[in-house]
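See below for the structure under consideration.
The values are calculated or read from the model by the stated rules, or taken from the named source; none is laboratory data. Just so we're clear, the structure is a prediction, and the values are computed from it rather than from any experiment. Glycine gets a Cβ as well: all are built from the backbone with ideal geometry, and neighbour counts include every protein chain shown. Side chains included, ligands, DNA and RNA excluded: accessible areas come from the protein's heavy atoms. Shrake-Rupley method; radii C 1.70, N 1.55, O 1.52, S 1.80 Å.
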Amino acid sequence: MIQISNVSKHYGAFQVLTDCTTSVSKGEVIVVCGPSGSGKSTLIKCVNGLEPFQSGEIIVNGTSVGDPKTNLSKLRAHVGMVFQNFELFPHMSITENLTIAQTKVLGRGKEEAMDKGLKLLDRVGLKAHAHKFPGQLSGGQQQRVAIARALAMDPICMLFDEPTSALDPEMVNEVLDVMTELAREGMTMMCVTHEMGFAKRVANRVIFMDQGRIVEDDSKEAFFANPRSERAQQFLAKILHH
Amino acid sequence: MSYQWNWGVFLQPSASGDDTYLGWMLAGFKMTIGLSLTAWVLALLLGALIGVLRTVPNRALAGFATGYVELFRNIPLLVQLFIWYFVLPELLPESLGNLYKQSNPLLQQFLASMICLALFTSARVAEQVRAGINSLPKGQKNAGLALGFTLPQTYRFVLLPMAFRLVVPPLTSEFLNIFKNSAVCSTIGLLELAAQGRQLVDYTAQPYESFIAVTLAYLLINVTVMFLMHRFERRIVVPGYIGGK
Amino acid sequence: MYEFDWSSIPGALPFLWEGMKISLEITLTAVVIGIVWGTLLAMMRLSSFRPLSWFAAGYVNLFRAVPLVMVLLWFFLIVPKFIEQLFGLPPGSDLRLTSAMIGFALFESAYYSEIIRAGIQSVPKGQMAACSALGMTYGQAMRLVILPQAFRNMVPLLLTQAIILFQDTSLVYVSALADFFGAAYKVGDRDGRLVEMLLFAGAVYFVICYTASQIVKRLQKKYHPA
Ligand SMILES: Nc1ncnc2c1ncn2[C@@H]1O[C@H](COP(=O)(O)OP(=O)(O)O)[C@@H](O)[C@H]1O
Ligand SMILES: [Mg+2]
């Protein structure tokens, strides 16, 4: 579904990604972790072309992301993305947030989009909040709406960039529960997260990044039982202590 | 030597015979309002366009927009006005220039004033629009694009509606400025409020009454605009939203 | 097509320079007085003594509501009469420059006071509390702690306002005072070369103001890196 081959990226002289190679098959759940600044967000944004990269290749569902001829908007419409800071549109009600891209990008009718949106809103447990605005919801609720918004586009895969790290601790689980359910239903997912409990529950593989390189790419069993690199061991020790 | 106040002067028939001096004042007031409002509409449209261009990821377009803003911000309004009024008609192709010069002088004054105020103000509006867009969290643009919106769609549905709300307060002050700046147009003979005030002084030798009346008229405009803009601001409040990041 | 003839400019340069000196003189006076009086107004505005803050608010709002052209006309009307009576000068003395300076200074004070007020308010409240805890009076706290911090934050804005003020000095045209723009206009009118002189004046203003604003931008980056 997603193939990342030898991707490198730099800002001026600063190398953000160095020769990253990995892949995500259909129905797989991959967790990406690593210290702050190691390039996780950059890598995941390369997957849907939000960040350009200078060398290497990324193929999503048969389409090359780096190819200048690729219609990126069309590709992104079917690759869901969830952000650290939710990024709901503050001036639109929850229902408008859920329907606007369905109508304007996919060309669905208003009713169809609304049905779909409300169904998904119900699924993330927020049907009662349909007419509120994002600013009137808690962080956890906003993030669940954001997931519903991405799902409304019938994505072929979902990208998550630290979806719980901006949340108060008591709200983390409500979001992880939604993600776990999604994973169990067979959604292809690439998740940047430090929630190792989530990784242990649903991940197929864990990728560990450091200084722009993918230093570990293992099955979760192998990763948690015995990380090969020292950096990953230190990282795990730190994370698991919290 | 004491000043002879005479507030009755406004009701006297004016030198032109068919009107009172109060009528002159009202005509000037109308001219100030009409000129400022038309220039403001143009300035908003142009300013929004230039402001957006300053934020797009295209060197040539962004560079053009920057040049535009710097040009209109670094030359005094009066000089710009004189250039529009005295210089531009000379530089037009001969036929067009002559057509313009033979047209009604009032039309010439109004056109030069309107274009001048509109472009001058549009540069300031553009700066506010740019600042508004840049003050939105960077993730908003990414969120729009990630949903499959094209860049223009992202601006239209995501960035501009929010940026627009953020810039209403600073735009209010630009809106007030355009009324004040319109007084500069008295220098090319356009009979707006300030010019009527000066003309009245020449004809009646009652400077204080005339200047007080003009000053009060500007205060009235100021208060009215502020009142309307506050109501407008309240109407576009986003529920639950507490400022950008 | 229009035939440009720039030949009258070189000969006019000394006269234009005299005009530029007047523009700069007005700018400098208005900036200095504007900042001093503006600071006082800002402190009055923030004072808890109501009549003072009302006076300052009224002053600032009045000047900010009226066009500069109108303010200048007022000052050209009032100041000469006032000064003539005060110093017993013969009526009709040329007090246009003095009037312009006073007018600009009092007008700009209103704008400066708003910048300074925002600057004072941008200093965290805890600073004033810390001063009181150290036993300083209100005046000491302002002078020694609050204003120095406020001014450091405000330097770019104060300079930007000075650039705007420099552009605005061209409006003394309404009193036929020969500042830089007035001089350029006179020469152009006299030689029948208004087009060239206006373009030249615009270019000079642009070069000066653009350069100055780029310098301000540099300063801002240096002292407030993002
Ligand atoms: N626009 C940019 N210009 C320069 N450096 C950047 C830019 N964006 C990110 N970086 C740098 O790239 C590195 C990787 O960033 P990021 O992918 O956000 O890391 P992570 O998500 O793992 O914390 C960081 O060191 C960051 O400072
Ligand atoms: Mg990150």
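Observations on the model:
- Helix axis angle, A:230-241 relative to chain A longest principal axis, alpha carbon, degrees: 50
- A simple charge model with +1 on the Cβ of Lys and Arg, -1 on the Cβ of Asp and Glu and nothing else charged puts the dipole of chain C at about 1220 debye relative to its Cα centre.
- Candidate aspartates and glutamates for bridging to C:Lys21, where Cα separation is under 17 Å - those fewer than 8 sequence places away on the same chain excluded: C:Asp168, C:Asp179
- Degrees separating the helix C:68-87 axis from the principal Cα axis of chain C, which is the longest one: 90
- For B:Arg231, solvent-accessible area (1.4 Å; no DNA, RNA or ligand), Å²: 140
- In degrees, nearest ten, helix B:21-53 long axis to first principal axis of chain B (Cα): 20
- Electrostatic dipole magnitude of the protein assembly as shown [Cβ: Lys, Arg +1; Asp, Glu -1; Cα centre; debye, to 20]: 1400
- Region B:16-236, relative contact order [Cα under 8 Å, separation at least 6], %: 29
- Each Cα pair under 8 Å and six or more residues apart adds its separation to the average, and for region C:151-226 the resulting relative contact order is 30 percent.
- C-alpha center-to-center spacing [region A:1-19, region A:26-97] in angstrom: 14
- Rounded to 5, the percent of DSSP beta bridges in the protein assembly as shown classed as antiparallel: 55
- Mean separation of Cα contacts under 8 Å, 6 or more apart, over the residue count of chain C: relative contact order %: 29
- Projecting the Cα positions of B:Ile188, B:Leu200, B:Val223 onto the charge dipole of region B:170-234 (unit charges on Cβ atoms of Lys, Arg, Asp and Glu, taken about the Cα centre) puts B:Val223 furthest along the positive direction.
- Per residue, region A:160-231 exposes 45 Å² of accessible surface when a 1.4 Å probe is rolled over the protein heavy atoms with every protein chain present.
- Chain pair C, B: total accessible area buried, heavy atoms, 1.4 Å probe, Å²: 3300
- Probe 1.4 Å, protein heavy atoms only - accessible area per residue of chain B in square angstrom: 46
- Here region A:48-154 is assigned +1 on the Cβ of each Lys and Arg and -1 on the Cβ of each Asp and Glu. Its dipole about the Cα centre then comes out at about 280 debye.
- Summed buried accessible surface, chains B and A, 1.4 Å probe, nearest 100 Å²: 2000
- Shielding score for C:70-79, defined as the mean number of other chain Cβ atoms within 10 Å: 4
- Along region A:120-135 the Karplus relation, 6.51 cos²θ - 1.76 cosθ + 1.60 evaluated at θ = phi - 60°, assigns HN-Hα couplings of 5, 4, 5, 4, 8, x, 10, 4, 5, 9, 3, 9, 7, 10, x, x Hz to successive residues, with x for each Gly and Pro.
- Burial order of peptide ranges C:13-21, A:191-199, C:67-75 (average beta-carbon count within 10 Å, highest first): C:67-75, A:191-199, C:13-21
- Ordered by 1.4 Å accessible area with all protein chains kept, B:Tyr218, C:Tyr185, B:Tyr3 run largest first as B:Tyr3, C:Tyr185, B:Tyr218.
- The figure for C:Arg64 is an accessible area of roughly 80 square angstrom, using a 1.4 Å probe on the protein chains alone.
- Links that overshoot a 28 Å alpha carbon limit, given the list A:Lys119/B:Lys141; A:Lys119/A:Lys238; A:Lys110/B:Lys141; A:Lys69/C:Lys217: A:Lys119/A:Lys238; A:Lys69/C:Lys217
- Expressed as a whole percent, the accessible area of region B:16-236 that falls on carbon and sulfur atoms is 67 (1.4 Å probe).
- As a rough guide to protection, the peptides B:234-241, A:153-160 ranked by mean Cβ packing within 10 Å, highest first, stand as A:153-160, B:234-241.
- Estimated inter-spin distance, A:Tyr11 and C:Phe151, nm [label 7 Å along Cα→Cβ]: 3.7
- Peptide A:74-82 - average C-beta neighbours from other chains (10 Å radius): 3
- Cα centroid of region C:102-169 to Cα centroid of region C:40-74, whole Å: 15
- Charge context of C:Tyr205, other residues only, Cβ under 14 angstrom, K/R +1, D/E -1: -2
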